[in-house]
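Nothing in this text is a laboratory measurement; each read-out follows from the coordinates by a stated rule. For clarity, every value in this text was computed on a predicted model and none was experimentally measured. Note that we place each Cβ from the backbone using ideal geometry, even for glycine, and neighbour counts take in every protein chain shown.
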Amino acid sequence: MKTTFRNRTEAGRLLAKRLKPNYANLPDVLVLGLPRGGVPVAFEVAKVLHSPLDICIVRKLGVPGHKELAMGALATGGIMVLNEALVRSLSISQKALEEVATREQQELERRARVYRGDRPVPDLSHRTIILVDDGIATGSTIKAAISTIKQQQPEHIVVAIPVAPPAVCQELKDEVDEVVCLLTPEWLSAISLWYDDFSPTSDAEVRLSLARIMKEQTATSSGSKFSAGGSIYE
């Protein structure tokens, strides 16, 4: 395995190659991408596995003045995950925390409207969920996503990511059934350093990925397989 990915598309294809032997063509599999950057990675995974694609909307709670440093995350269903040790060490006040949480909750709701519209949230119960992002730094965001997914009692949860620190991967193994990670550098610093092209993913690109996978898979299956299961494609 090389030490960087060309872009999110390549990362997704390499992840799909690892996942394919165990998860391709299974009717209960649902791939969930974390917007925005996780969606183009998840698109490639869903395409190779012949599985439906949907989204799990989570918002990082950035430290005031240092937005890229996560002190926690929000997810749908009222889920909030906090890095209590970091909050204490930086003496972040309750007021500052609430201000960040309020702002990110508004953005979470906006994204839900933009990406999903009036389409229903998929039923995750008794399904195999493959949760995909473009990388993990602290783990706060993915843990919030896992918490909201667990509320619907899926049969099996797989976290699939291109790059994450080994300590975070080990923590996640206690939270889910399987962790698939391609690169596990001890010193990660920023996820962008592990991609040649880490250009921001736009709202339009997220919507396009969801529309494209629906069109491609419906054409392949004549609509009989990938419109099932309460997914975004109904």
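Data for the structure
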{"item": "Beta bridge orientation in segment 8-221: antiparallel %, DSSP, nearest 5", "result": "35 percent"}
{"item": "Residues whose placed amide H lies under 5 Å from that of Y195, excluding near-sequence neighbours", "result": "F5"}
{"item": "Relative contact order of segment 8-221, defined on C-alpha pairs under 8 angstrom at six or more residues apart (%)", "result": "24 percent"}
{"item": "Footprinting exposure proxy for K47, K95, K150 (fewest neighbouring C-beta atoms within 10 Å first)", "result": "K95, K150, K47"}
{"item": "Rounded to 10°, Cα long-axis angle of helix 140-150 versus longest principal axis of the chain", "result": "50 degrees"}
{"item": "Of K17/K150; K20/K67; K67/K215, those spanning more than 30 Å from alpha-carbon to alpha-carbon", "result": "K20/K67; K67/K215"}
{"item": "About the Cα centre, charge dipole magnitude for the chain (Lys/Arg +1, Asp/Glu -1 at Cβ), debye", "result": "440 debye"}
{"item": "Volume in Å³ per residue [convex hull over Cα atoms, computed for segment 123-164]", "result": "56 Å³"}
{"item": "Cα pair distances in segment 8-221, grouped into 5 Å bins until the bin that holds the longest one, percent each", "result": "1, 7, 15, 20, 21, 17, 11, 5, 2, 1, 0"}
